[in-house]
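Below is one structure, written out as structure tokens, with a few remarks after it.
All of the numbers you see were taken from the coordinates with simple rules; none came from a lab. Keep in mind the model is a prediction, meaning the values are calculated, not measured. As a convention, Cβ positions derive from the backbone with ideal geometry for all residues, glycine included, and neighbour counts pool all protein chains shown.
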Amino acid sequence: MTLGQDDRKPSNPKQQHTKVPYFKRKETPCISYSYTPTVASKIYNYKRFLQCIDLSNPSLHPLPCECSSSDFNYSPCGHVITGDLSIVKNDKLRELLKKGPKYRESMSFTWNQNVKIIMDSCEEYARRWAKKEDVQLDTLSEWIKSIRGLLLSRINRLKSTVNTRFVSIFKDPDVITELTHLQEHYVITPADKASNNYTFTCKKYYFDSLVKELGLNATPGNPTYTPTNLSASEIIDNHKSALASFGFDTTNLDLDLPYLYCIPKMHKNPYKQRFIAGSSNVSILLTKVLSEIKSGLQKYCSTVYSRSGINQMWILKNSKELLEHLKSTHFSRVHSIKAFDFSTLYTTIPHSKLKERLAKIISNAFTSKNGNRKYKFIVVNYDKTYFVKEKSDSENKYTETDIIQMLNFLIDNIFVVFGGKVFQQIVGIPMGTNCAPLLADIFLYSYEAEFIQSLVSEGKKYLASDFNFTYRYIDDVLSINNPKFADYLSSIYPSELEVKETTETNNSASYLDIMLSYDTDGHMNTSLYDKRDDFNFSITNFPFLSSNIPSSPAYGVFISQLIRYARASTKYTDFVLRARRLSDKLLSQGYVCDRLTSSLRKFYGRYGELVIHYDVPLSRMVDDILSWTI
């Protein structure tokens, strides 16, 4: 259903219980939403900026800037890079940008239009429901009729209180003048780690950063990229031909080479840039295949761990998994917490080693430990991926050789466009490729497992067990109770990769969104850590209620964040501090205190196991988090 805000959402089929008793499907129908467009496409201009650059025509390059006299000049680079919305002089535009790129303007509507949209969706749902039950559509006629009756009744109540006419802010000439001015001088992009926020970067500096990354104009660049003599059309034709050979339907496939672009990493000091390119169809399929292979590796390593007491699987799914593991592990005493980070992991992985390591992992997934063939195909369907031993009627089945060929094709055919020229990535994998995190994960796993296995084979099982509490989320590593972990980095990972220690103090380290520490008695404490707290401008990370979205999912954000805070916070004071900040922000964004209170009560009732260790009654929690706001 295409709907607007909740006050324009007149009925909910979930409330209707006039269902046919002999239906096999007993699930209650639920509403789905087709949202109106966000404002992002009207604000962001980095794609248009890149499309206008022509390296063969210097007149199309950005003109010298006037950043030196700007109040928003970032001194380490001498140009404007900022997320401070004070740079926007028009009040209306600034207020809009404060709501983030995911904000949706309200749109004018008519009640008759809403009735038609909802009833058309209802009748379409009834047709599909009747077909699945193998009955006539008339069987659901009373259900459809009851929905319509409640819909009209709700509309009659809302007509006198709900505004149906809205004027877009982009109709205001002063707003358009200011936005045009900003887009003429700056490249507007999301911020790294804070995608719901705008950043403004001097066009000349943005251009120069990409030129430097590609090593153009005699600048010392990144060896990751090299110019190619192939034209874009030749590369696309080769890509289509390869896809066809892998069994992809290329009839209506419209391919374009991705532009290389960058977004500021404003949580770094000094600021850095994250360079990003696009993805391909092969990458999407490989994501499903590699996910299944990774799952198999994790199951195998879990069995090995339970039998030998040695952990060779350090890969983490997320911080939730880390917290669950830490809570299930009863450390007698914590005496070391160390954190590490790979520098530019994606763009430094050697292609030859990546292909060699991944091919071996893929082959092992299809064979038994004795070398015999275990599986003949891997089947990749829309909603499920699985291995089969002999036969499969699926058209989407692939052999070990197919998968390795796809992988090699993907790695050998990474191209980006900048300024009308095409560049090939000859080292590493591009950010933005669907399977990039999986490629990096499995590549690093192959070295980690090899290192642990070598220690065991050398009779150093005790040393191998020192690495049992090692965790890695892509390029972030955490080591607990292994103070000499850094001494072994060069023995674990290939020399091309640079790993830096990021431990904060002798007894604490931030890892993902968690701050870990231990006291003098060796007891571990955790609290929430948010890199965005280090930004020097106000962050938007939750939806505004004035956005053209339903309010129920918006209030659901409050509950989901409370769950996150409770999981991460050992101490009640840390939990309350985060929850109060959140409630304050949500109230400033149009949320209602009574509904937040109701959501807090719902959280306490449904997720009591997360807060039971605080030993705090609900009434006190409500007072501590929300009463001060009333």
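In terms of the Cα gyration tensor, with a ≥ b ≥ c the square roots of its eigenvalues, is region 258-310 rounded because a/c is under 1.5, prolate because a/b exceeds b/c, or oblate? It comes out oblate by the Cα gyration axes.
Cross-link partners for K159 among the lysines, with Cα-Cα distance under 18 Å and sequence neighbours closer than 8 places in the same chain left out: K9, K116.
Can you bin region 282-518 into rounded, prolate or oblate? Criterion: square roots of the alpha carbon gyration tensor eigenvalues sorted a ≥ b ≥ c, rounded for a/c under 1.5, prolate for a/b above b/c, oblate for the rest. Oblate, because a/c is 1.5 or more while a/b does not exceed b/c.
What net charge do the residues around V187 carry, taking every other residue with its C-beta under 13 Å from that of V187, with Lys and Arg at +1 and Asp and Glu at -1? Spell out each step's value before the answer.
Details: positive: K47, R48, K203, K204; negative: E184, D208.
With Lys, Arg at +1 and Asp, Glu at -1, the neighbours total +2.
A cut-off of 5 Å between modelled amide H atoms, ignoring neighbours fewer than 5 places along the same chain, links G420 with L55. Scalar couplings 3J(HN,Hα) for region 584-592, obtained by applying the Karplus form with A = 6.51, B = -1.76, C = 1.60 to θ = phi - 60°, are 4, 5, 5, 4, 6, 9, x, 6, 9 Hz; x denotes Gly and Pro. Placing dummy labels 7 Å off each Cα toward the beta-carbon, the span from S70 to T110 is 4.7 nm.
Hey, fewest Cβ within 10 Å first, where do D256, D513 land in order? Could you put the intermediate results ahead of the total?
Values: D256 9, D513 16.
Listing D256, D513 from fewest to most nearby Cβ atoms yields D256, D513.
Computed from backbone phi with θ = phi - 60° and the Karplus coefficients 6.51, -1.76 and 1.60, the 3J(HN,Hα) list for region 327-334 is 6, 7, 9, 8, 5, 5, 6, 8 Hz; x is used for glycine and proline. Anisotropy class assigned to region 362-496 is oblate, per the alpha carbon gyration tensor with a/c at or over the 1.5 cut-off and a/b no larger than b/c.
If R0 is taken as 22 Å, the Cβ-Cβ distance between E609 and N525 corresponds to a FRET efficiency of 0.70.
Per residue, the convex hull spanned by the Cα atoms of the chain measures out at 219 cubic angstrom. Our helix-only sum for the chain, with -39,500 (n - 2.57) per DSSP H run of n ≥ 4 divided by its residues, gives a mean residue ellipticity at 222 nm of -13000 deg cm²/dmol. Applied to region 523-535, the Karplus parametrisation 6.51 cos²θ - 1.76 cosθ + 1.60 on θ = phi - 60° returns per-residue 3J(HN,Hα) values of 8, 8, 10, 10, 8, 6, 10, 10, 4, 5, 5, 8, 5 Hz, with x for Gly and Pro.
Between the amide H of I514 and those of Y529, distances stay under 5 Å, these residues lying 5 or more places away or on another chain, with hydrogens modeled in the peptide plane.
Each Lys and Arg adds +1 at its Cβ and each Asp and Glu adds -1 at its Cβ; summed about the Cα centre, region 534-629 shows a dipole of about 160 debye.
For Y259, Y471, Y33, which order do you get if you count the other beta carbons within 10 Å of each Cβ and list the fewest first?
Details: Y259 19, Y471 22, Y33 13.
Ordered from fewest to most neighbouring Cβ atoms within 10 Å, Y259, Y471, Y33 come out as Y33, Y259, Y471.
Once R0 is set to 22 Å, what does the formula 1/(1 + (r/R0)^6) return for the Cβ-Cβ distance between F451 and E498, expressed as a FRET efficiency to the nearest 0.05? Step by step, r from the Cβ atoms, then E = 0.80. Name the residues of region 128-142 whose amide N is less than 14 Å from a point 7 angstrom out from the Cα of S552 along the C-beta direction? In region 128-142, the label zone of S552 (backbone N under 14 Å from the point 7 Å along Cα→Cβ) covers no residue. Remark on T189: its backbone amide H falls under 5 Å from those of T199, T201, a criterion applied only to residues 5 or more positions apart or on other chains, H modelled at 1.01 Å from N. Distance from the Cα centre of region 351-417 to that of region 472-489, in angstrom? Here the two parts' Cα centres lie 30 Å apart.
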